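The values are calculated or read from the model by the stated rules, or taken from the named source; none is laboratory data. In this text, all values refer to a predicted model and were calculated from it rather than measured experimentally. So basically every Cβ, Gly included, is an ideal-geometry build from the backbone, and we count neighbours across all protein chains shown. These area figures cover heavy atoms from the full protein model, side chains too; ligands, DNA and RNA do not enter into them. Shrake-Rupley method; radii C 1.70, N 1.55, O 1.52, S 1.80 Å.
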Amino acid sequence: MSGFLRVGALEMLFALVFTVLALYDVGQLRRQRRQLEASIQTSRLEARRVAELWVENANWQRQYRQARALIELMGEFNQVMDLQVVLDRLTQGLSRFFAGDGVAIWILGAGGNFELAARVMQEVPSVIRHDEAWLRRILDGTPPPVPPSWVEPDRPWMAAALLDLLGQQLGVVMLTSDRRTRYTADDITFLRAILGHAAMAIQNAARFEIVDTLSRLDALTGLGNRGEFDRSLRDEVAGALLAAMPLSLLLADIDYFKQVNDSYGHVEGDRVLKEIAQLIAEAARAPNTSFRLGGEEFAVLLGEAKAAAVSIGEMVCSRVEDKAFFDNGARLTLSIGVASLPEDGREPAALMVAADQALYKAKSDGRNRVRAA
């Protein structure tokens, strides 16, 4: 029995040892599992953090590109004061930033509709009516439910109002894309940021254009002034010579105009000057190339040869002679001298001298007539 007992005791001892070892192994496995779970959790946290860092980096990169784009655009705007150049640079800058997307800008016109002022890479209407539903929603700052009828249904687009510094409407800007599936909220936010900065440049350019235009006009008659005439004569002579095209200069002088001021006063004299200026521009069909040189002297630049220019001058004289300028029926007349390129000179000064001599001849021959150099 003792042998059996010893064997049983040994078996129990071995069983106990194996149990202890098994429990130890299970404990080890549990610890390893907890360590593994902790490592997995740490890895997940790190992966999440890495993903967050990638998102943050992408956001910083986007903001950096936007800031660079704004700086570059502002630099381009500040280099010019011409309204059309500013609008062209704005469309090109937007297209460049949005990876070559189509861009169009319409500016509010005098009639209340919006007129196309600049575009890049897309066909769009030249005029947008002010009562179009999608336009009203854009100008009100609310996204329209449907695109304009001329935008393809599946084509991504976005638009924003162009406002001045006081929030008044200047126009509307639209982008369309052939490359992307949609525009994001960040895209429209950045577009509005650009337009907010561009508004100052556009407003300044528009004011400069108005001032520049006024500086070129005669304040009394609205025709071009002497400085504008000198610039136009120089440019027209150079252009006509380069293109081998005809050009004629008419110099007109109101006969005995001093008597108008002496008899009726300077207020009436100013009224007569304005009416004759309008008659000259209308009869010559040259509102953009008619000028008041000073006093009662006017000039007209015509893209005509001498014979045609003389005929136009005679029509101008006839229109003035036929008009009664005063209640008593008193009438006025013009004397006109004509000189043409190239036979009477190939330089602006030479053409001016020839026309002035022809005008002097018209006066010496009895006034109310046209004489050619």
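What tally of residues in region 171-180 results from selecting those that are out of contact with any Gly (no Cβ under 9 Å at 6 or more places or on another chain) and modelled with pLDDT of 85 or more?
Looking only at that region, the number is 3.
Out of 365, 344, report the one residue that is farther than 23 Å from residue 216 by Cβ, acidic (Asp, Glu) and surrounded by 15 or more Cβ atoms within 10 Å (Cβ to Cβ).
344
Of these, 283, 355, which one is within 41 Å of the chain's Cα centre (by Cα), at pLDDT 95 or above and surrounded by 13 or more Cβ atoms within 10 Å (Cβ to Cβ)?
Sole residue among the options that is within 41 Å of the chain's Cα centre (by Cα), at pLDDT 95 or above and surrounded by 13 or more Cβ atoms within 10 Å (Cβ to Cβ): 355.
Looking at region 202-233, which of the residues that are within 27 Å of the chain's Cα centre (by Cα) and among the β-branched types (Val, Ile, Thr) is nearest to residue 302 (Cα to Cα)?
Restricting to residues being within 27 Å of the chain's Cα centre (by Cα) and among the β-branched types (Val, Ile, Thr), the top hit is 213.
Any residue that is part of a strand (DSSP E or B) and either in contact with a helix residue (DSSP H, G or I) (Cβ under 9 Å, 6 or more places away or on another chain) or aromatic (Phe, Trp, Tyr) (or both) - is there at least one of those in region 210-228?
yes
Looking at 195, 170 in this structure, which one is open to solvent by less than 70 Å² (accessible area, probe 1.4 Å) and assigned to a strand (DSSP E or B)?
Exactly one of 195, 170 is open to solvent by less than 70 Å² (accessible area, probe 1.4 Å) and assigned to a strand (DSSP E or B), namely 170.
Tell me, please, whether a residue that is free of Cβ contacts under 8 Å to residues at least 24 places away in the same chain, outside any helix (DSSP H, G or I) and in contact with an Asp or Glu (Cβ under 7 Å, 6 or more places away or on another chain) can be found in region 149-161.
no
Against the definition (open to solvent by less than 70 Å² (accessible area, probe 1.4 Å) and part of a loop (DSSP other than H, G, I, E, B)), how does residue 86 come out, yes or no?
No.
Give me a count of the residues in region 121-140 that are open to solvent by 80 Å² or more (accessible area, probe 1.4 Å) and aliphatic (A, V, I, L, M).
Within region 121-140, residues that are open to solvent by 80 Å² or more (accessible area, probe 1.4 Å) and aliphatic (A, V, I, L, M) number 1.
Given (1) more than 22 Å from residue 226 (Cα to Cα); (2) open to solvent by 40 Å² or more (accessible area, probe 1.4 Å); (3) under 41 Å from the mean Cα position of the chain (by Cα), where does residue 310 come up short, assuming only one miss?
That leaves (2) as the condition not met.
Are any residues in region 248-266 in a loop (DSSP other than H, G, I, E, B) and either in contact with a helix residue (DSSP H, G or I) (Cβ under 7 Å, 6 or more places away or on another chain) or open to solvent by 50 Å² or more (accessible area, probe 1.4 Å) (or both), and if so, which ones?
256
Return the pair list, or none, for Cβ contacts closer than 8 Å from residues in region 264-293 that are in contact (Cβ under 8 Å) with a residue 60 or more places away in the chain to residues that are polar (S, T, N, Q), at least 6 apart or on different chains.
Once the first residue is in contact (Cβ under 8 Å) with a residue 60 or more places away in the chain and sits in region 264-293, its partners that are polar (S, T, N, Q) give 289/232; 291/225; 291/232; 292/221; 292/225.
Take residue 300 and tell me if it is buried (at least 16 other Cβ atoms within 10 Å of the Cβ), over 14 Å from residue 233 (Cα atoms) and in contact (Cβ under 8 Å) with a residue 24 or more places away in the chain.
No.
Need pairs with beta-carbon distance below 9 Å; first residue under 16 Å from residue 248 (Cβ atoms) and within region 312-335, second at pLDDT below 90 and surrounded by 22 or more Cβ atoms within 10 Å (Cβ to Cβ); sequence gap 6+ or separate chains.
312/284; 313/284; 315/284; 316/284
Mind checking which residues of region 173-188 are of a type in the set (A, V, I, L, M), open to solvent by 10 Å² or more (accessible area, probe 1.4 Å) and under 29 Å from residue 112 (Cβ atoms)?
188
Against the condition more than 19 Å from residue 151 (Cα to Cα), open to solvent by 30 Å² or more (accessible area, probe 1.4 Å) and of a type in the set (Lys, Arg), how does residue 96 come out, does it pass?
The answer is yes for residue 96.
With respect to the numbered conditions (1) surrounded by 13 or more Cβ atoms within 10 Å (Cβ to Cβ); (2) without any contact (Cβ under 8 Å) to a residue 40 or more places away in the chain; (3) in contact with a strand residue (DSSP E or B) (Cβ under 9 Å, 6 or more places away or on another chain); (4) of a type outside the set (Asp, Glu), which one is the sole condition not fulfilled by residue 225?
It fails just one condition, (2).
Run residue 237 past the list (1) more than 28 Å from residue 368 (Cβ to Cβ); (2) outside any helix (DSSP H, G or I) and report the number of the one that doesn't hold.
Of (1) more than 28 Å from residue 368 (Cβ to Cβ); (2) outside any helix (DSSP H, G or I), only one is false for residue 237: (2).
Any idea which of (1) open to solvent by less than 40 Å² (accessible area, probe 1.4 Å); (2) touching a strand residue (DSSP E or B) at 6+ places or on another chain (Cβ under 9 Å); (3) within 21 Å of residue 226 (Cα to Cα) is the one residue 333 doesn't satisfy?
That leaves (3) as the condition not met.
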